[in-house]
Amino acid sequence: MIGGLVEIAEEGRHLSLFRGFLKVSMDGSEIGRVPLDDIHTLLISAHGTSISTNLMTELAERKAMVVTLGRNWHPKTITLPLNAHYQGAGILQDQIALSVPRAKRLWQQVVVDKIGNQAKILRWHNGDVIKVRELEILMGRVRSGDPDNMEAQAARHYWPGLMGSDFRRDTAGGDINGYLNYGYAILRAATARAVVSAGLTPALGIHHKNKYNSFALVDDLMEPYRPLVDNLVRQMSDRGDTLSSLGPEEKRALAAVLQYDLPGQKGMSPLVNCLHTLAQSFVTCLTDKTKKLTFAPLPDRQELFQ
């Protein structure tokens, strides 16, 4: 367990409820317990795992996410607690009423913040100064709704600068891509929990609109924080890790992204808490057109981040 995240990575485990604990059993024998109140995400990457409905219900009561991973560590399912917020119905109406121009302006802020964070990550790793400058220029060119797709243009500078000229981002790929998928799955689960805890309906995004995606808003709001996962993977590569076998130590290192302290309105706070602040700021933005999304900024120098 790392900072509220529990992963079931070994096959044949049965998960059940026991007096306020998640109990893990194998062949009828208990092998471990975790207090339910300490869990914000249950990540299941092993095959043959079974889970009791009583446990699922108690996790939902605590607004904890249950995530299953498929091939190459790509998330396949995320549970959605239905009783996450007492004003859920009213907030849903506000989401439905969100105007297209307002949604475009919010997406503009998301893209600007994401590209800005990508530039900082490159600078942390002494990346090509030309690529860093290109990202900063693109950040200033993002218009409402990002009609020029500056996000994609930034990616063409960012990924080669961070991971090398031969790297290609592929959600179905292995090696570095598998590490990124795993880190993003953790970030997505934590963002989903923050979204539903704020009373928001995650299927109603501000930019992502795929009718098969029930977590469009989650995918919108997590974008600026993806570079934090990228940074971790790059650090692992710099240490000489092969990035070919995603084992317990590597997973533990990636899960630690949620515990990174970032500056907020009330001082330093771990990313997992900053996500809740972000989700609540979106609720405010639904009814107050003068408000902006609250993203915790990354420091300009990596040593301030460690």
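For (1) polar (S, T, N, Q); (2) out of contact with any Phe, Trp or Tyr (no Cβ under 7 Å at 6 or more places or on another chain), each residue gets a yes or a no:
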site	(1), (2)
Gly205	no, yes
Ala216	no, yes
Pro227	no, yes
Asp230	no, yes
Arg239	no, yes
Ser245	yes, yes
Lys251	no, no
* Structure fact -> For the stretch 251-306 the number of residues that are among the β-branched types (Val, Ile, Thr), assigned to a helix (DSSP H, G or I) and surrounded by fewer than 17 Cβ atoms within 10 Å (Cβ to Cβ) is 2
* Kindly check whether there is at least one residue in the stretch 100-119 that is assigned to a loop (DSSP other than H, G, I, E, B) and not assigned by TED's automatic domain parsing to the domain that holds Phe21. => no
* Exactly one condition in (1) closer than 23 Å to Cys285 by Cβ; (2) in contact with a Ser or Thr (Cβ under 7 Å, 6 or more places away or on another chain); (3) at pLDDT 90 or above; (4) of a type outside the set (Val, Ile, Thr) is not met by His85; state its number. => (3)
* **Neighbours by Cβ (under 6 Å, 6+ apart or cross-chain): first from the stretch 289-303, in the same structural domain as Ala119 (by TED's automatic domain parsing); second surrounded by 14 or more Cβ atoms within 10 Å (Cβ to Cβ) and β-branched (Val, Ile, Thr)** => Lys291/Thr284; Thr294/Thr277
* Subset of the stretch 120-143 (residues that are of a type in the set (Lys, Arg) and part of a helix (DSSP H, G or I)) -> Lys120, Arg123, Lys131, Arg133
* Within the stretch 176-201, how many residues turn out to be in contact with a Ser or Thr (Cβ under 7 Å, 6 or more places away or on another chain), closer than 15 Å to Ala60 by Cβ and either surrounded by fewer than 24 Cβ atoms within 10 Å (Cβ to Cβ) or of a type in the set (S, T, N, Q) (or both)? -> 0
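The values are calculated or read from the model by the stated rules, or taken from the named source; none is laboratory data. If you're wondering where the values come from, they're calculated on a predicted model, not measured in any experiment. Please note: Cβ atoms are built from the backbone with ideal geometry, for glycine as well, and neighbour counts cover all protein chains shown.
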